[in-house]
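Visitor: Structure in structure tokens, see below.
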Amino acid sequence: MTVLILTSEADVTADLVVLRLAEDGVPVVRLDPADLTAGAGLSVEYGREAGDGRLSVGGRRVDTAALRSIWVRRPGDAAAHAAHPSAWLTEESAQALYGTLRCSGARWMNHPDAASRARHKPWQLRIAQDSGLAVPTTLITTFPQAAREFVARFPDLVVKPVSGTHPREPARAVPTSRVPPDADFSAVAFGPTLLQRRIAKRADIRLTVVGGELLAARKPADPEGHPDDVDVRFAPSVAPWAPARVPGRVADAVARYMKRAALAYGAFDFAEDADGLWWFLECNQSGQFGFVELDTGQPIAGAIARWLAGAPERPVRDAGGDRLPAP
């Protein structure tokens, strides 16, 4: 059976997994939904037929009934590379592709429904808290007065986007920033603002979860660093990432989070404080891992390849009662 990877052509992170699958002799088809009608196609018939579809990618064909697993890595917008792209064509193509794949019986990393829900930061914070993870006190508001009252209670705050990457071309990462003491919160009324108590961290933690495997990496913070350097992606680096042990309490809570979120893959970010407590910051359901594997030597790509090559599992129900493929 075949592994289908939905991602862009330039995704070097996916390249690592494709290489591992090839080494194990597992058939792989790589498809960027953006290529539909421009080098890629699909066909499915209902009625007399069973409803199994066929995909064509670069002249290669695969039956959706023969798919073992589907990895939704970093796919482009459906039909974005078409000769005459449009919002209507993108919606039509996405409905056709993902609707067909949902009928395949393959298991997902991660299922589109679970992935879509998992992107919501408010939902993440609530699920993390309910799962037993330590969550910094956080406010999301459009009320300036609520922001002023919050900063009165917690004078040392950071501000971060609710949604993540800014949707410009090319996409731009929006850094987490420290709130200055003289901040004017009037602009809060013009858009939701996420304020969070700053954790005085001694290290950043990236915990990559693949199925039941937990691979943690730790990056010490610069003890002489400026307190405004709160975002590890933009702060000066003083040490590489190194393998770390996952505290038992965190491992149990993360397992509960993954089960409730119906995720097979998650990249968790934590801030480790002076007492060694891991504070949950976010979980990216399609987060990068190549930089961690490069520094630590942890076999994350191999773990993903093993999961994708595994046998399908029975569906489970999420916290809301919806039926989703098991992670």
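Visitor: Before we move on, is residue 52 modelled with pLDDT under 95 and farther than 22 Å from residue 17 by Cα?
Guide: Details: modelled with pLDDT under 95: yes; farther than 22 Å from residue 17 by Cα: yes.
Considered against the rule, which asks whether it is modelled with pLDDT under 95 and farther than 22 Å from residue 17 by Cα, residue 52 comes out as yes.
Visitor: Would you be able to tell me the number of residues in segment 285-311 that are over 18 Å from the mean Cα position of the chain (by Cα) and within 14 Å of residue 12 (Cα to Cα)?
Guide: Going through segment 285-311 one residue at a time, the tally reaches 1.
Visitor: Among the residues that make up segment 18-35, is at least one of them among the acidic types (Asp, Glu), within 20 Å of residue 111 (Cβ to Cβ), touching a strand residue (DSSP E or B) at 6+ places or on another chain (Cβ under 7 Å) and not in a loop (DSSP other than H, G, I, E, B)?
Guide: No, because not a single residue in segment 18-35 is among the acidic types (Asp, Glu), within 20 Å of residue 111 (Cβ to Cβ), touching a strand residue (DSSP E or B) at 6+ places or on another chain (Cβ under 7 Å) and not in a loop (DSSP other than H, G, I, E, B).
Visitor: Check 77, 52 and return the single one that is surrounded by fewer than 20 Cβ atoms within 10 Å (Cβ to Cβ), assigned to a strand (DSSP E or B) and among the acidic types (Asp, Glu).
Guide: 52
Visitor: Hey, another quick one. Restricting attention to segment 192-211, and to residues there that are out of contact with any helix residue (DSSP H, G or I) (no Cβ under 8 Å at 6 or more places or on another chain) and of a type in the set (Gly, Ala, Ser), which single residue is nearest to residue 153 (Cα to Cα)?
Guide: Once the filter is applied, the top-ranked residue is 200.
Visitor: Just wondering, is there one or more residues in segment 142-157 that are in contact (Cβ under 8 Å) with a residue 12 or more places away in the chain, farther than 30 Å from residue 278 by Cβ, of a type in the set (A, V, I, L, M, F, W, C) and not assigned by TED's automatic domain parsing to the domain that holds residue 6?
Guide: Within segment 142-157 (the criterion being in contact (Cβ under 8 Å) with a residue 12 or more places away in the chain, farther than 30 Å from residue 278 by Cβ, of a type in the set (A, V, I, L, M, F, W, C) and not assigned by TED's automatic domain parsing to the domain that holds residue 6), the answer is yes, since at least one residue qualifies.
Visitor: Determine which member of the set 82, 94 is in contact (Cβ under 8 Å) with a residue 40 or more places away in the chain, touching a Ser or Thr at 6+ places or on another chain (Cβ under 8 Å) and either farther than 24 Å from residue 288 by Cα or assigned to a helix (DSSP H, G or I) (or both).
Guide: 82
The values are calculated or read from the model by the stated rules, or taken from the named source; none is laboratory data. Keep in mind it's a predicted model, so treat the numbers as computed, not measured. Positions of Cβ are backbone-derived with ideal geometry, glycine not excepted, and every protein chain shown enters the neighbour counts.
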